[in-house]
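Let me begin by presenting the structure, written as C-alpha cells, before commenting on it.
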Amino acid sequence: MNSESILKAVKLDLKKYTMNPATRKREVRLSELKEYFSNPEAADRILSSGRDPVVYEYYEYSVEEAVGHMTLGLTIIYPGKVGKEYFMTRGHFHQKPAAEFYLGIRGRGILLIQSEDGRTDYVELRPGIIGYVPPGWGHRTINTGRGKFIFFFAYPSDAGHDYGIVKEKGFAKIVVEEKGKPIIVDNPKYAGST
Ligand code: PA5
Ligand code: NI
C-alpha cells in the first residue's frame with residue numbers, strides 16, 4: 001500500500017454511529033443553542049436542573065477544503081424537546097451557493113430549508129430517504145422521533161458556513177409537538193419578514 005495515497009477508506013460504523021477517520025468532530029449542547037429555540041425559558045428550566053444535554057453531534061471528513069473537493073459527514077441528533085420544540089441543529093447557509101444532500105440512516109426527522117428572502121420548504125427524512133438542499137438555501141434538521149435521528153451528508157468543501165443569518169433572524173418555521181405529533185408552524189420570533 002502506498003502510504004502517501006490520498007485515498008482513504010472512511011468507515012461509517014452503523015452500530016456505534018461514528019465516522020472514522022474524521023477531520024472534525026463536534027458536540028453541541030443545549031447551553032450553546034438556548035437562544036435558537038422559540039422558548040429559551042424552557043431551555044433555562046432544563047439547564048437550571050443541572051442538566052446540559054448534548055443536542056447533536058457530528059463528524060466531518062474533508063481531504064482538503066478547496067474547490068472541487070467534497071466534505072462528507074455524519075450527524076446524530078438526540079431525541080428531546082425544549083418546551084414543545086424538538087431538538088434540532090443550529091442551521092446555517094453556506095458562504096458560497098453550494099448544494100448539499102442528506103441521507104437518512106436511522107430514526108426520523110425533518111430537513112427544513114429556507115431562502116434568504118424567507119421562502120421555506122421541508123422534507124421528512126427516514127432511513128433511505130435523501131433530502132436535497134438547493135444551492136443558496138439555509139438548512140436545519142430536526143429530530144421528530146423518540147430515538148436518535150442520524151443522517152449522512154455531503155457538500156462541496158469550499159462552500160464555507162454562514163451562521164450569522166440564522167443567529168440574527170432565526171428560521172421562519174419551527175417544528176413542535178402537538179398532540180404527540182410533529183407539526184410545522186410559523187416561528188413567532190422570526191425576524192426576517194420585516
Ligand atoms: O453541513 C450541514 O448542513 C450539516 O453537516 C451540519 O453542519 C450538521 O448537521 C451540523 O449542523 P450545524 O452546522 O448547523 O451546526
Ligand atoms: Ni450545510
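Annotations for the structure displayed:
- Annotation for LEU14 and ASP162: the two label points, set 7 Å from Cα along the Cα-Cβ direction, are 3.7 nm apart.
- Integer Hz, Karplus 6.51/-1.76/1.60 couplings in order for segment 175-184, x for Gly and Pro: 10, 10, 8, 9, 6, x, 10, x, 9, 9
- Whole-Å distance, taken between Cα centres, linking segment 124-194 and segment 4-74: 15 Å
- For segment 99-116, Karplus couplings with θ = phi - 60° (6.51, -1.76, 1.60), whole Hz, Gly/Pro x: 7, 8, 10, 10, 10, x, 10, 8, x, 9, x, 10, 9, 9, 10, 8, 7, 5
- Integer Hz, Karplus 6.51/-1.76/1.60 couplings in order for segment 149-159, x for Gly and Pro: 10, 10, 9, 9, 9, 8, 7, x, 5, 8, 5
- Added length on full extension, which subtracts the Cα-Cα distance from 0.36 nm per residue, HIS69 to ASP52: 2.6 nm
- The chain: calculated mean residue ellipticity at 222 nm from DSSP helix runs of at least 4, using -39500 (n - 2.57): -2500 deg cm²/dmol
- Most positive-pole-ward Cα, GLY50, ILE130, LEU72, against dipole of segment 11-186 from beta carbon charges: GLY50
- Selection of trypsin sites (Lys or Arg not before Pro), segment 85-158, meeting DSSP coil and at most 14 other Cβ within 10 Å: ARG119, ARG146
- Positive-end ranking of PRO97, THR144, PRO40 along the dipole of segment 11-186, with charges on Cβ about the Cα centre, is headed by THR144.
- Residues VAL54, VAL176, sorted so that the one with the fewest Cβ neighbours within 10 Å comes first: VAL54, VAL176
- Projecting the Cα atoms of GLY83, TYR59, GLY180 onto the charge dipole of segment 11-186 (Cβ charges, centred on the Cα centre) puts GLY180 farthest toward the positive pole.
No value in this document is a laboratory result; all are computed from the given coordinates. None of the values given here were measured: they were computed from a predicted structure. Cβ: placed from backbone, ideal geometry, glycine included. Neighbour counts: every protein chain shown.
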